[in-house]
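Notes follow once the structure below has been shown.
The values are calculated or read from the model by the stated rules, or taken from the named source; none is laboratory data. Computed from a predicted model, the values in this text were never measured in an experiment. Here Cβ is always computed from backbone atoms with ideal geometry, including for glycine, and neighbour counts include all displayed protein chains. We work out accessible area using only protein heavy atoms, side chains counted, and drop any ligands, DNA or RNA first. Shrake-Rupley method; radii C 1.70, N 1.55, O 1.52, S 1.80 Å.
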Amino acid sequence: RSAVGGLLPLNMRDLQENANKQTLSKANANAKAGPRDSKELETEPLETDVVQPSNNVTEAIRHEMMLLKYKVDCIWELYPNLYFVLLVGLVLITVNLGAVAFYTIEDINFGQALWRSWCCVAVVIHHTKEEKSLNRILGFILCMGGLTFFGILVGTISGQTRNKLETLRTGLNSVVVEKDHIVIVGYNRNMSSLLKALCYQHETKLQQGTAERARELIVLLSNSPREKVLKECIEIQNMFPSVSIVYRQGDLQKFKSYNMVSCTTARKVVLLAPSGRWYNNTGDAQVVSALLALQRSLMAALIDQENQPRHTGQTFKQIRFDIVCQVSKDSTASLVQDLGEHMASWLAGLETTLGYTGNKSIIRVQAMRNLSASLFAQCM
């Protein structure tokens, strides 16, 4: 800057000399540095990122394909039986296309062409009866399509049948149609000892001649896997041939699960709390939730959605069963007792409304602490 604050005129020669000096100093520094350091000092040329203009047509097609895939997935999830309809539709389309081809190349009416196409699709060796080469090629294509479609159809029917039989074997959805049976809800480490106590009790009654039925039925309702529960029950089943153990899997907080095991016609319903580290905190809550679901199941069996009775005074039958709940706190035990009294009073009021004059229904709810098999045997 000059004394008056102005800018001095630029000397291009001086600037060029300064640039040459800086270049020489950098070159000397690289020469003094080792080969490894010189490589580190070298800088790669910058690559400019060229942004290609986006293709709106390609993006639109990609979006439409994703939307179509999503719609198809939703349709398969909502309507699983649509697979058979689609398979039959493909067969019909193939037969009609073959009929159009035969109608075009042969001097026959469309009905004959349709039957000819169907024979090529359904019968494997029908295309060998064709005399012309073009007809043989067309018949062979229809035969391959028919083999593919019918192979898929047979495999699908076989898979669906196997899944249905497996579902029936595991007993996940079938309803238990029994009376005076015992229902055990839940699964914990006390179940094995409880089952043994019930079996010993039934064997004793058989020996004394006081058993009401020759074969005792115990239904297990749990949300645990079937293999895990029945692994402990197989040995007990083999030890006591006079006792049958049936397993059903369901949600213990939904009343439909209790309808599936016919809790309203059972003699005894046992609600087990889940054992584990958090048993005292969540076990009682799950037992109370299961008891409320059982109460809802009883109400659904007696009244409809419009709160109207399903029976009259002549068709109503006595309800008599005991409910045993495994709890860990006195407060939960008192709550369970209050719920039991509420169920009994509601049932008595319903009988009065219907004008039922037979034997009064009895619902007894017990809360057990420090659960053991002997306590259960005393309650049976």
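Key figures for this structure:
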| item | result |
| --- | --- |
| Check on Ser117, in a helix (DSSP H, G or I) and under 30 Å from Tyr247 (Cα atoms) | no |
| Residue in region 356-370 that is in contact with a Ser or Thr (Cβ under 8 Å, 6 or more places away or on another chain) and modelled with pLDDT under 85 present | yes |
| Filter pass, Asn307 being open to solvent by 50 Å² or more (accessible area, probe 1.4 Å) and at positive phi | yes |
| Matching residues in region 116-135 - criterion: being surrounded by 14 or more Cβ atoms within 10 Å (Cβ to Cβ), within 49 Å of the chain's Cα centre (by Cα) and not small (Gly, Ala, Ser) | Arg116, Trp118, Cys119, Cys120, Val121, Val123, His126, His127 |
| Qualifying residue in region 344-358 (condition: of a type outside the set (Lys, Arg), free of Cβ contacts under 8 Å to residues at least 40 places away in the same chain, closer than 22 Å to His181 by Cα and surrounded by 13 or more Cβ atoms within 10 Å (Cβ to Cβ)) | yes |
| Region 266-277, residues that are open to solvent by 20 Å² or more (accessible area, probe 1.4 Å) and at pLDDT 85 or above | Arg267 |
| Options Val72, Val95; residue that is part of a helix (DSSP H, G or I), open to solvent by less than 100 Å² (accessible area, probe 1.4 Å) and modelled with pLDDT of 85 or more | Val95 |
| Hits in region 288-300 - residues which are in contact with a helix residue (DSSP H, G or I) (Cβ under 7 Å, 6 or more places away or on another chain) and either open to solvent by less than 40 Å² (accessible area, probe 1.4 Å) or over 19 Å from Leu350 (Cβ atoms) (or both) | Val288, Leu291, Ala293, Leu294, Gln295, Ser297, Leu298, Ala300 |
| Where a residue in region 303-319 is farther than 11 Å from Leu354 by Cβ and among the charged types (D, E, K, R) and its partner, wherever it lies, is open to solvent by 100 Å² or more (accessible area, probe 1.4 Å) and at pLDDT 75 or above, with Cβ under 9 Å and at least six apart | Asp304/Arg310 |
| Single residue of region 45-69 satisfying the filter (β-branched (Val, Ile, Thr) and open to solvent by 80 Å² or more (accessible area, probe 1.4 Å)) that is modelled with the highest pLDDT | Ile61 |
| Residue check for Glu235: out of contact with any Phe, Trp or Tyr (no Cβ under 8 Å at 6 or more places or on another chain), acidic (Asp, Glu), assigned to a helix (DSSP H, G or I) and open to solvent by 70 Å² or more (accessible area, probe 1.4 Å) | yes |
| Every pair of residues 6+ apart whose Cβ atoms lie under 6 Å, when the first sits in region 197-225 and is farther than 28 Å from Ala273 by Cα while the second is open to solvent by 50 Å² or more (accessible area, probe 1.4 Å) and in a loop (DSSP other than H, G, I, E, B) | none |
